[in-house]
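One structure is given below, encoded as structure tokens.
The values are calculated or read from the model by the stated rules, or taken from the named source; none is laboratory data. Bear in mind that the values here come from a model prediction, so they are computed numbers and not experimental data. All Cβ positions, even for glycine, are placed from backbone atoms using ideal geometry, and neighbour counts span all protein chains on display.
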Amino acid sequence: MTAATPGESTILIIDDNADTIRLLSAMVRGQGRVLFATSGAAGIDIARLQRPQLILLDVEMAGMDGFAVCDAIQRDPDLRSSAVIFVTAQSTAEAEIACLDAGAVDFIPKPLNAAVVQARVRTHLRLQAALAKLDGLAHQDGLTGLFNRRYFDSQLATEFARHRRHRMSLGLALIDVDHFKLYNDRYGHQQGDACLSEVAGVIRDGARRPGELAARYGGEEFVVLLPNTDHAALQTYGDWLCRRIAALNLAHPTAPTAPYVTASVGLCAQIPGEGDTAEALLHTADMALYEAKRSGRNRPVVVAAGAPPGRAVDPAVA
Ligand SMILES: [Mg+2]
């Protein structure tokens, strides 16, 4: 097995006949990286590790047959994005319908015809690439290119649970552009959007460690998930963010804080314990942000997680 080069498709052939594997491999060579397994169980294991875009699956196999393998693939959330094409000697309409009903995207009849195999594989690899792109877009904020709030919320839940299992400290930063309404009033919404894109660029640059995730939380508010980050690192990160956003030097003459665009940052971190929730951690970050605003803006404030709740929502401090 060779490692996939970026952007290259992976095709997994599962067939209990070595001659068929050899023949199919030769036919699809050049369309991607080709892996194979000679049993359903081995095929599922390889699929879990390698996440192939396409699985060419023999229907008639000893032991676990193609339908059972396809069913296991459909049920596994990690494998659901792999498309299955059945390869079968049964070419009746009933057999074809059974394949599609089982969750396959297509089927290839035996005996194998090189042109048919290549055309089907090409078509479905293209479709898979388009779906992957759509999936990525669904997670993205259209203006800034950062992740959107919905995706952030799902990742926060996942990371919170993972940090609880491994007793690691999960950090959060909430970032809010200071006096953004005044900026829009002065320059208009189009330039307001350009300002948000610039700020988002700084936030993206600051979240490049593995697992770090930056999202637009709404309006002029951003959020960053900081895996395996303790309290001490938060202050440094918050200082860096404020400094870099100010250094963009985007003129903001009507802002009372400074004549350029600044941001306030609320930070917190926690090793999640039993009874702790991701919502409470987010609420703590929100309280820290409120404190950063209240104490003069253009600064980070780190608050210990588990501090008493009860941020008063004061529209004057926005
Ligand atoms: Mg067979």
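The table for this structure:
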read-out: Among residues of region 80-104, those that are crowded, with 17+ Cβ neighbours inside 10 Å, away from the ligand (no atom under 16 Å from the Cβ) and either β-branched (Val, Ile, Thr) or free of Cβ contacts under 8 Å to residues at least 12 places away in the same chain (or both), counted; value: 1
read-out: Arg209, sole failed condition from (1) within 20 Å of Leu282 (Cβ to Cβ); (2) at pLDDT below 95; value: (1)
read-out: Members of region 162-189 that are of a type in the set (Ser, Thr, Tyr) and either surrounded by 21 or more Cβ atoms within 10 Å (Cβ to Cβ) or within 20 Å of the chain's Cα centre (by Cα) (or both); value: Tyr183
read-out: Selection count, region 54-79, where residues are within 15 Å of the ligand (Cβ to nearest atom) and polar (S, T, N, Q); value: 0
read-out: Residue ID - farthest from Ala72 (Cα to Cα), chosen from residues in region 25-43 that are crowded, with 20+ Cβ neighbours inside 10 Å and within 15 Å of the ligand (Cβ to nearest atom); value: Phe36
read-out: Test for Glu198: is it at pLDDT 95 or above and either touching a helix residue (DSSP H, G or I) at 6+ places or on another chain (Cβ under 9 Å) or assigned to a strand (DSSP E or B) (or both); value: yes
read-out: Residue in region 233-240 that is within 20 Å of Asn148 (Cβ to Cβ) and either touching a residue at least 40 places away in the same chain (Cβ under 8 Å) or not polar (S, T, N, Q) (or both) present; value: no
read-out: In region 13-24, the residues that are crowded, with 16+ Cβ neighbours inside 10 Å and either more than 10 Å from the ligand (Cβ to nearest atom) or under 19 Å from Asp45 (Cα atoms) (or both); value: Ile13, Ile14, Asp15, Asp16, Ile21, Leu23, Leu24
read-out: Positions within region 119-154 being without any contact (Cβ under 8 Å) to a residue 60 or more places away in the chain and in contact with a Phe, Trp or Tyr (Cβ under 7 Å, 6 or more places away or on another chain), in sequence order; value: His139, Gln140
read-out: Residue within region 84-93 that is out of contact with any strand residue (DSSP E or B) (no Cβ under 8 Å at 6 or more places or on another chain) and under 29 Å from Asp135 (Cβ atoms) present; value: no
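Okay, residues lined up against (1) of a type in the set (Lys, Arg); (2) surrounded by fewer than 22 Cβ atoms within 10 Å (Cβ to Cβ); (3) outside any helix (DSSP H, G or I):
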position: Pro210; (1), (2), (3): no, yes, yes
position: Ala215; (1), (2), (3): no, no, yes
position: Thr229; (1), (2), (3): no, no, yes
position: Ala232; (1), (2), (3): no, yes, no
position: Trp240; (1), (2), (3): no, yes, no
position: Ala246; (1), (2), (3): no, yes, no
position: Asn249; (1), (2), (3): no, yes, yes
position: Ala255; (1), (2), (3): no, yes, yes
position: Ala258; (1), (2), (3): no, yes, yes
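The rows are residues; the columns are (1) small (Gly, Ala, Ser); (2) farther than 21 Å from Val302 by Cα; (3) assigned to a helix (DSSP H, G or I).
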site	(1), (2), (3)
Ala129	yes, yes, yes
Leu137	no, yes, yes
Gln190	no, yes, yes
Ile203	no, no, yes
Ala207	yes, no, no
